[in-house]
Amino acid sequence: MSRSLMRYVLAGCAAIAVAGCAGNSRADAGTYRDDLARAEASIVEAQQLGAAERGSVDLSRAREKLDAARRASEEGDKNGAQRLAIEADLDADVAAATARNQEMQFAATELRESIRTLQDELRRNEQRRLGRL
Amino acid sequence: MESRVRAGLLASGLAVICGCTSLPDRVDSLEQARAQVLRLEQDRLASEVAAAELAAAREAIAQAEDAFAKKARLEIIEHKAYVAQRYAEISKQRIREAHAREQLAEGELERNRILMQARERKSERADLQAAQPEPEPERTAAARQ
């Protein structure tokens with residue numbers, strides 16, 4: 001193989017490598033930015049469900065990780081930013097699921113208490129009636 | 001001189017190899033995720049309300065196991081295990097919520113049953129009272145005279 005042919009081959013390989021890398025970086029950038037956006041939306045959703053008022057540790061963790069993901073992104077660590085954004089998104093989802101569960105548990109407890117109150121009231125009425133006879 | 005450089009390079013190479021293979025025998029977070037998913041799958045409501053989340057947890061566990069088998073960085077394996085744990089936690093919350101919803105529905109039925117019983121008793125008492133003739137004060141007074 002002549003030296004000039006070798007140069008062409010190497011130049012072609014380099015061009016392919018550069019194109020490949022450029023494509024990858026765009027794809028990665030899109031993905032990690034999507035993950036950051038998803039984490040932001042999940043945090044807002046968890047807040048709307050009252051996770052902050054309930055002092056959710058998961059929501060605090062999600063916020064901290066989102067901040068860390070943004071810092072990693074600014075420093076050019078796209079993989080780190082993506083991992084942190086994914087974790088922030090999931091932490092916020094846990095906070096939201098916990099808030100929904102707590103609300104349902106609260107409703108179930110309230111209903112149980114109202115049934116107990118109703119039963120007590122009916123029992124007292126019955127005793128009062130029997131006392132009058 | 002050359003032999004020193006060779007020895008240095010060899011030592012560096014060994015250090016790199018050791019660094020790459022210095023994974024622990026087991027990754028605790030991965031074990032915990034596995035155990036958590038197995039436990040949650042036993043719940044009768046799991047497939048109804050948390051099928052997607054449990055599938056995502058299983059997928060993350062598989063990815064963590066794959067990364068472990070390929071001797072990936074511990075950071076990557078732990079990230080995948082964390083993802084699995086979080087999906088498992090979401091599943092747990094959804095399953096608990098579903099149980100509470102069931103209790104709520106049963107509670108409402110119970111309350112309606114109690115109210116219905118109370119109404120029936122009241123109506124029975126009213127019927128009994130209506131069936132008993134009330135004493136007529138005028139006639140009894142006349143009879144005494």
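Since every read-out is calculated from the coordinates, none of them should be taken as a lab result. All of these numbers come straight from a predicted model, not from anything done at the bench. All Cβ positions, even for glycine, are placed from backbone atoms using ideal geometry, and neighbour counts span all protein chains on display.
General remarks:
- nm² value of the averaged projected area, convex hull over the Cα atoms of the range B:42-127: 6.7
- Debye-sum result for the range A:32-133 in log10 I(q)/I(0), which assumes one identical scatterer on each alpha carbon, at q = 0.18 Å⁻¹: -0.79
- Rounded to the nearest whole Hz, the Karplus-based 3J(HN,Hα) values (6.51 cos²θ - 1.76 cosθ + 1.60, θ = phi - 60°) of the range B:25-31 follow the sequence 4, 9, 9, 3, 4, 5, 4, with x at glycine and proline.
- Mean partner shielding of peptide A:120-127, defined as the number of other chain Cβ atoms within 10 Å of each residue Cβ, is 1.
- Candidate lysines for bridging to B:K70, where Cα separation is under 18 Å - those fewer than 8 sequence places away on the same chain excluded: B:K80
- In sequence order, calculated HN-Hα J values of the range A:47-60 (Karplus, 6.51, -1.76, 1.60; Hz; x Gly/Pro): 5, 5, 7, x, 5, 5, 4, 8, x, 5, 5, 5, 5, 4
- Residue by residue along A:112-119, Cβ atoms of other protein chains within 10 Å of the local Cβ number 3 on average.
- Cα-based Kirkwood hydrodynamic radius, the range B:16-92, one decimal, Å: 12.7
- Sequence-distant residues sharing a close amide H with B:D43 (under 5 Å, placed H): none
- Peptide B:71-84 has a mean of 2 when you count, residue by residue, the C-beta atoms of other protein chains within 10 Å of its C-beta.
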